[in-house]
Every structure is written in structure tokens, then in C-alpha cells.
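**Student:** Structure in C-alpha cells, see below.
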Amino acid sequence: MPENHNQVHVAVNVMRARQTVIGFNIAIVSFQIAQLYRITGGIRVPGFDHQIHVTAELALFMSLALSLIALIAMTMSSLMDEVGVCTHWSLLVGDLLMYLALAYTLSGFFAPLAESMRVFTENLPGQGTQAIIVQDAVLVMAGVAWCMAMYVAPLVSLVRSPFSRLTNLSAGAAYLVLLLVLAWINAQGLMIESENTGDSTVFTAVLSELMQPLRW
């Protein structure tokens, strides 16, 4: 890896491919936010005529915000000349945020679906085995995708990054801090959904957010 990040020249098409992924993610999030109120398994809140999925809605809105930040960071990384190559470390930051946004999209999509599938399974006593197989298969695949987007893909980006070692280590450390902060925020939503506001459960809730598929 070159030690001077000013020597890095990443083709603009690399950045454009990632922006395309972000665009698809924003479209998926926008669709899911509009459809989420139709899914069962949420909580009843006075003043709302539909069930509220606190953690799922929080995840989707976080994903939308992260996607927009990633889009801006990637755009900032490109030079304003006739070639437009990406030279700034904001490209790496945008890459990490893109994967984080995808993980949050998966959370917002499959977490409420898991509860709906449990209701579906309970209402099919004669075909419970088949329903459980279908439910577990979907959730396992979703969990694999979540882990890849949350941990594996960012690690690969950091390992393959053309920027300096200091830049990569700083970006990795900032990503871990962001994970912990967002996990703490998500834990508040989880406690609201579970109607448990005891301080003793915060640590457990944060840990569960760092490996969300286990609670789906």
C-alpha cells in the first residue's frame, strides 16, 4: 500500500459503481418505509392507527441517512478535472458507510418480517414443520447477508484500500466507534419495543444489536 494517500488514483467508475448500489439501497429503503405499517408484530401507540415497529423504522431511517452521507463522501473524493479520478480518503469512508447502510436496510427489512413469519407459523398448526423450515431458511440467509455487510465487507475494504496505513487504521477505528454508538441508539428502540426501560438491560441490548440476526 502506498504510504502517501495523495498518490492514490482510483478510477471514477469504481466510485460510480458504489453510488449505484447506494441508489438501489435508497429505493429499497423508501419502499420499505412506506410498507412497514402493513406488517404485523409492532407495538400499539396512542395517536397512531397502525402498529409501530420501532427498531425496524429506526434501522431504515438510519440506513437512509447513512446512504446519503456515503453518497456525499464518495462524490467529494473525485477530482474536478477532465479525468475525475478519486484521490481523497473520503472514498474509503463512503465505502464503509455504504456497507453499514446495507446492513441497516437488512435489519429494517427482515427484523419485522421475522415476527410476521412467527405469526404465520403459529396459524398453520397442520404444516408447522414446513413453515418453520421456510422461516429458518429465510432468516439464516438474511443473517449471512447482514454479517457480510456489517463486518466482512468493511474489513475487506480496509484490507484492500490503496490509502495509507494510518488512514486505513483511522477509518477502521472510526467505523468501530460508529458501530457501538449506533448499537447503543438501537438498543433504546429495542427497549421501547420490549417495554423494558431498566438500565441493567442496556449492556445486553447493545450486545444483541452487534449480532442482530441472533434475535430475529
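Here, each number is a calculation from the coordinates, and none is a lab measurement. Values in this document were obtained by computation on a predicted structure and should not be read as measured data. Methodologically, a virtual Cβ is constructed for each residue, glycine included, from the backbone with ideal geometry; neighbour enumeration extends over all protein chains shown.
**Student:** Express in nm, to one decimal, how much length is gained between residue 27 and residue 11 on full extension, taking 0.36 nm for each residue of separation and deducting their alpha carbon distance.
**Tutor:** In short, 3.2 nm is gained.
**Student:** With no solvent and one equal point scatterer per Cα, compute the Debye intensity ratio I(q)/I(0) for the range 127-216 at 0.14, 0.22, 0.24, 0.25 Å⁻¹ and report its log10, rounded to two decimals.
**Tutor:** After summing over all Cα pairs, the log10 values are -0.68, -1.06, -1.12, -1.15.
**Student:** Turning to a different aspect of this structure: Given the peptides 67-78, 162-173, arrange them by the average over their residues of other C-beta atoms within 10 Å, most packed first.
**Tutor:** Descending mean neighbour count gives 67-78, 162-173.
**Student:** I've got another one for you. For residue 185 paired with residue 19, estimate the spin-label separation in nm (one decimal), with each label point 7 Å from Cα along the Cα-to-Cβ line.
**Tutor:** Taking the simple label geometry, residue 185 and residue 19 are separated by 2.5 nm.
**Student:** Using amide H atoms built 1.01 Å from N in the peptide plane, name the residues 5+ places from residue 164, or on other chains, whose amide H lies under 5 Å from its own.
**Tutor:** Under 5 Å from the amide H of residue 164: 5.
**Student:** Pulled fully out, how much extra length does the chain show between residue 87 and residue 159, if you take 0.36 nm times their separation in residues and subtract their Cα-Cα distance?
**Tutor:** 24.2 nm
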